[in-house]
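Presented below is the structure to which this report refers.
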Amino acid sequence: MAIPVADNADAEPRAAAAALLAATEGLRVRTRTQINGAWIPLLGFGLLALAAVPIARFAFNFGAHGRNVGSYPAFAYAELTGLCVVHQPGTPCLKGEFDGAVLRFVAWGVWFALLPLAWFVFARWYRLRGEARGVVPRRGMWVGVTVAATAVIAAALWAMLFNSQPWEVVLLENSYVSPWYVVGIGLLALGIAERSVTAAAAGIAHAMLLTRYLGASWGSGWLPSQHPVHPGWTDGPQFKAFLLASILLIAGLCEWVAVRRRGAPGAAGAGAGAGTGVDTDTVVS
């Protein structure tokens, strides 16, 4: 009876190759776990959005419950200069018409600085975390998205300031000027860079829901297509802001759970580094 020597000889290289592939896959999963941190920006921006809920009428300037964005600095200046208003000839000049305008301006304008600053803090955290673990994240995606977004914003501002404004630009200026788009666009870029479906989906959902609320008509509820006869507290700007924050917080918790599972012992395969001479603790630089 013939002995299948050739089959046995071929089986050993195949087994070694399979073990090496398993070890490589385990190393890839471990490296991804080391650099994956999308849940931090998701939860961070979710908490910022949650903090904006009490002042959502001004922080988000929802189209159905907001005002022309030019009124914020104009009214604040009027309050600071003590401007008074005469409603009818012969009546006294009232100086209390613009009380609280400065606080409303701050509640609206602070997010234009706070949200980009938060992205800078998160980017710096990513860098320091990667250097500490020996895995430095790639910056190409971030730089590309930042340059593209800066170019679009600069072009839009140039068109608004120095050119005649058609009705489309007026609509964008008055209804869609919101720094919260920085959150959705940034999370989409982060999701693409980290191959995180959760982060990308959260960014898209946040931007789309924000657009629906900003462009909603007067009297619309928390569902922009509905106009309740007797609006309740769920139809106000606070509840809409809470929904936007919930998208980010739920996505952040889901991403955190996914990272914890990927980093659990045995998640990358129990025999990832056994018998191959490959150290799965090696950190890719």
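The values are calculated or read from the model by the stated rules, or taken from the named source; none is laboratory data. Bear in mind that the values here come from a model prediction, so they are computed numbers and not experimental data. Don't worry about glycine lacking a Cβ; one is built from the backbone with ideal geometry, like all the others, and counts go over all protein chains shown. Surface accessibility is based on the protein's heavy atoms, side chains included, excluding ligands, DNA and RNA. Shrake-Rupley method; radii C 1.70, N 1.55, O 1.52, S 1.80 Å.
Report the local net charge at C84: Lys and Arg +1, Asp and Glu -1, summed over other residues whose C-beta lies under 13 Å from its C-beta.
Once positives and negatives cancel, what remains is -2.
Using a 1.4 angstrom probe and counting only protein chains, how large is the accessible area of F75 in Å², to 10?
For F75, solvent-accessible area is about 70 Å².
Checking a compactness column here: for the stretch 84-130, what do you get for Rg(Cα) / (2.2 N^0.38 Å), N being the number of residues?
Here the Cα radius of gyration is 2.23 times the empirical estimate.
Give me the net charge of P54's neighbourhood, meaning all other residues with Cβ under 14 Å from the Cβ of P54; Lys, Arg count +1, Asp, Glu -1.
Counting the neighbours of P54, the net charge comes to +3.
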